[in-house]
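Working notes, beginning with the structure itself.
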Amino acid sequence: MLTTKPVKLYLGAAGYCTHPEFLTLRGGSIRPVRFPAGFACILHPDHGPILLDTGYSSRFFEETARLPNALYRHITPVVFREEDSAVHFLKQIGLVPSDIRYVILSHFHGDHIAGAKDFPEAQFIYLPRAYEAVRSLGSIAAVKAGFLAGLLPDDFIQRSLPVNDPAKRWADMSETTGKETPSGFPWEEVYDLFGDGSLLGVEVSGHAEGMMGLLLRTEQHDYFLCADAVWSSRAFREQRRPHALAGIIMSDRQEYRQNFDKLVHLHQQFPRLRIVPSHCQEALSAWGTGGTAR
């Protein structure tokens with residue numbers, strides 16, 4: 001167990017986009033495949049319901065109705081129905097939007113923030129580097145970076161809780177949590193988001209600047225919600241990086257390769273750890289779709 005305090009975990013997806021598989025998986029098919037816009041609902045014993053990302057919402061279509069934002073919609077075709085929303089998902093597990101106290105944003109691509117306005121009581125947790133990388137971009141540069149500013153609430157800054165504490169080394173964490181330093185864990189530093197060892201952020205930049213994955217555990221299993229460090233579980237299992245063309249949308253190709261290799265190493269060193277890429281239908285079908293992830 002890499003974290004100290006168990007939580008309950010629900011995995012869902014709010015819509016999906018389509019891409020040719022080979023772009024995301026070297027040697028994959030040229031046919032388009034579905035990539036669900038995954039999110040997670042975490043029930044913390046002390047801090048209540050928390051979301052990691054939001055998936056798509058109908059606002060995505062509103063924000064991409066005109067150029068230049070329309071380029072986003074045409075390059076990445078999206079399918080979304082209202083019954084696919086994170087709000088509808090939460091209703092199925094007995095929650096309403098005002099129950100969500102925190103929304104952790106792994107990064108600021110549209111398929112991760114499109115539902116942000118649905119949670120008016122929530123505060124937003126993210127790595128400052130992630131927002132600083134996109135907040136001042138011009139319209140064309142923002143589209144290239146996958147960022148649609150209109151998807152964020154008008155009071156986003158006022159409700160923000162950026163992770164300003166420096167990352168801690170595992171050795172430092174072990175002094176406060178009582179956990180042994182995990183031998184073979186490929187990232188040296190983690191962000192203890194609530195100061196109790198329950199949710200540990202790990203920077204996995206490359207696909208997007210300042211992107212953060214999340215380590216947590218339920219009563220039965222450890223999970224690493226790795227955001228878009230890979231698009232599918234096959235990628236790290238079979239060590240198949242995306243096609244070079246995918247680098248066009250990456251913030252840093254070298255960082256991506258480094259974190260991809262670390263994810264491969266993580267899987268090899270901790271084979272029982274459940275690694276969940278945000279857009280992996282396999283992982284969602286195995287551990288999500290509305291039931292509690294055990």
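The values are calculated or read from the model by the stated rules, or taken from the named source; none is laboratory data. Just so it is clear, the model here is predicted, and its values are computed rather than measured. Here Cβ is always computed from backbone atoms with ideal geometry, including for glycine, and neighbour counts include all displayed protein chains. Ligands, DNA and RNA are stripped out before the accessible areas are found, and what is left, the full protein with its side chains, is counted by its heavy atoms. Shrake-Rupley method; radii C 1.70, N 1.55, O 1.52, S 1.80 Å.
When ligands, DNA and RNA are left out and all protein chains stay put, how many square angstrom of accessible area per residue does the chain have with a 1.4 Å probe? Please list the in-between numbers first.
Values: 12880 Å² over 294 residues.
Per-residue value: 44 Å².
Within the listed set Glu121, Glu203, Glu238, the Gaussian network model of the chain (springs between alpha-carbon atoms below 10 Å) gives the highest mean-square fluctuation for Glu238.
Taking R0 as 35 Å, what FRET efficiency do you get between Ala244 and Ser183 from their Cβ-Cβ distance, rounded to the nearest 0.05? Between Ala244 and Ser183 the formula returns 0.55.
How many Lys pairs in the chain lie less than 20 angstrom apart by Cα atoms, where the lysines are 8 or more positions apart or on different chains? Please report the intermediate quantities before stating the final value.
Working: Lys5/Lys168; Lys5/Lys179; Lys8/Lys91; Lys91/Lys117; Lys168/Lys179; Lys168/Lys262.
Here the count comes out as 6.
For the chain, carbon and sulfur atoms together expose 49% of the accessible surface, with a 1.4 angstrom probe and every protein chain in place.
What's the extension gain from Ile140 to His47 if we count 0.36 nm per residue and subtract their Cα-Cα distance? Walk me through the intermediate numbers first.
Details: separation 93, 0.36 × 93 = 33.48 nm, distance 3.86 nm.
Taking 0.36 nm per residue and subtracting the Cα distance, the gain is 29.6 nm.
Think of it as helices only: each DSSP H run of n ≥ 4 in the chain is worth -39500 (n - 2.57), and spread over all residues that comes to -6000 deg cm²/dmol at 222 nm. For Cα Rg over 2.2 N^0.38 Å, one of (i) 1.00; (ii) 0.93; (iii) 1.29 was computed from the structure I shared and the rest are decoys. Which label? Label of the calculated value: (ii). Within the shell of other residues whose beta carbon sits under 14 angstrom from the beta carbon of Ala14, the net charge comes to -1, with Lys and Arg scored +1 and Asp and Glu -1. Here the label points at Asp252 and Gln269, each 7 Å from Cα along the C-beta direction, are separated by 2.0 nm in the simple model.
Each part reduced to its alpha carbon centroid, the range 24-50 and the range 79-151 end up 14 Å apart. Two numbers describe the Cα atoms of the range 200-270: Rg and Dmax, which are 12.2, 41 Å.
As a calculated quantity, the FRET efficiency between Asp155 and Asp196 at R0 = 41 Å, using C-beta atoms, amounts to about 0.90. Within the range 93-134, list the residues whose amide N lies under 14 Å from a label point set 7 Å along Cα→Cβ of Ile75. Correct set: 109-111.
Measuring nothing but how far apart in sequence close Cα pairs (under 8 Å, 6+ apart) lie, relative to its length, the chain scores a relative contact order of 23 percent. Measuring only protein heavy atoms, the 1.4 Å probe finds Lys262 accessible over about 70 Å².
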